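The values are calculated or read from the model by the stated rules, or taken from the named source; none is laboratory data. Small disclaimer: the values here were computed from a predicted structure and weren't measured. Glycine also receives a Cβ, built like all others from the backbone with ideal geometry; neighbour counts cover every protein chain displayed.
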Amino acid sequence: MDVLAVFIFSFVSLFVIVNPISGVLTFISLTAQMSFEEKNAMAKRSVILACIIALFFAITGDLLLKVFGINVDLLRVAGGILLFTIAFDMMHAQISHESVTTKEIQESKNRDDVWIFPIAMPILTGPGTITTIIVLIGSNDMLEHKLIVILAVLLTFAVSLLVFMFSRRINKWVGYTGMLVFTRIMGLFLAALAVGFVTTGIWNIYQTFL
């Protein structure tokens with residue numbers, strides 16, 4: 001097993017689906033009335049909670065597959081279809097409705113727990129992220145592989161924390177147009193990842209019947 005290759009693939013896959021850059025505009029909208037210190041405190045709480053949720057599914061992913069009697073390749077196909085729908089929305093610079101709707105975001109502005117919903121979950125750790133983590137964890141039974149995926153999860157959310165803490169500066173530097181361009185690019189990569197999940201899953205399922 002090429003450790004570096006597995007780590008890079010896992011990190012890129014997770015970063016593309018978590019996509020904290022695209023979440024910057026929503027985060028800024030929900031923290032617009034907060035001070036710099038309050039905004040950073042919310043960023044820390046939301047990212048830490050999102051990371052805990054992601055690690056929970058990384059640790060229990062194999063068990064969940066066994067409990068529900070689901071083969072990892074079946075999840076690859078289903079997850080690939082889900083990721084492609086998310087990617088389609090991203091390529092149109094839209095909020096993916098598999099996670100949260102625009103109406104839900106607007107309604108969240110009046111609540112104090114926005115760091116839980118919608119920031120931590122589902123913007124950072126939504127169904128697509130959870131599916132990707134379980135597929136990555138379940139693709140190899142070696143402990144070393146699973147530890148590499150967990151390390152990729154930790155790095156993904158460490159980067160996400162930095163992005164949210166510097167969200168206002170990033171928005172100022174990149175601008176609204178830049179955010180839209182970045183979202184579309186990430187959507188393209190996510191679509192390619194989704195196709196890879198589906199084709200690999202279908203091929204492996206086909207191989208089991210030979």
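Counting only residues that are of a type in the set (A, V, I, L, M) and not in a helix (DSSP H, G or I), the range 163-210 holds 1 of them. Could you go through the range 182-189 and let me know if any residue there is touching a helix residue (DSSP H, G or I) at 6+ places or on another chain (Cβ under 6 Å) and free of Cβ contacts under 8 Å to residues at least 60 places away in the same chain. No, the range 182-189 contains no residue that is touching a helix residue (DSSP H, G or I) at 6+ places or on another chain (Cβ under 6 Å) and free of Cβ contacts under 8 Å to residues at least 60 places away in the same chain. Only a single item in (1) touching a residue at least 40 places away in the same chain (Cβ under 8 Å); (2) under 18 Å from residue 149 (Cα atoms) is not met by residue 80, and it is number (2). Condition test on residue 7, is it surrounded by 14 or more Cβ atoms within 10 Å (Cβ to Cβ) and more than 21 Å from residue 174 (Cβ to Cβ)? Taking the combined requirement at face value, the residue satisfies it.
Considering (1) without any contact (Cβ under 8 Å) to a residue 60 or more places away in the chain; (2) more than 22 Å from residue 47 (Cβ to Cβ); (3) not in a helix (DSSP H, G or I), the lone condition that residue 140 does not fulfil carries the number (1). Among the residues of the range 21-40, the one identified as part of a helix (DSSP H, G or I), of a type in the set (Gly, Ala, Ser) and either at pLDDT 95 or above or exposed (fewer than 15 other Cβ atoms within 10 Å of the Cβ) (or both) is 29.
Residue 168 falls short on exactly one of the conditions (1) surrounded by 14 or more Cβ atoms within 10 Å (Cβ to Cβ); (2) at pLDDT 95 or above; (3) over 19 Å from the mean Cα position of the chain (by Cα), and that condition is (2). Regarding the range 44-63, can at least one residue be identified that is in a loop (DSSP other than H, G, I, E, B) and either at positive phi or without any contact (Cβ under 8 Å) to a residue 12 or more places away in the chain (or both)? No, that holds for no residue.
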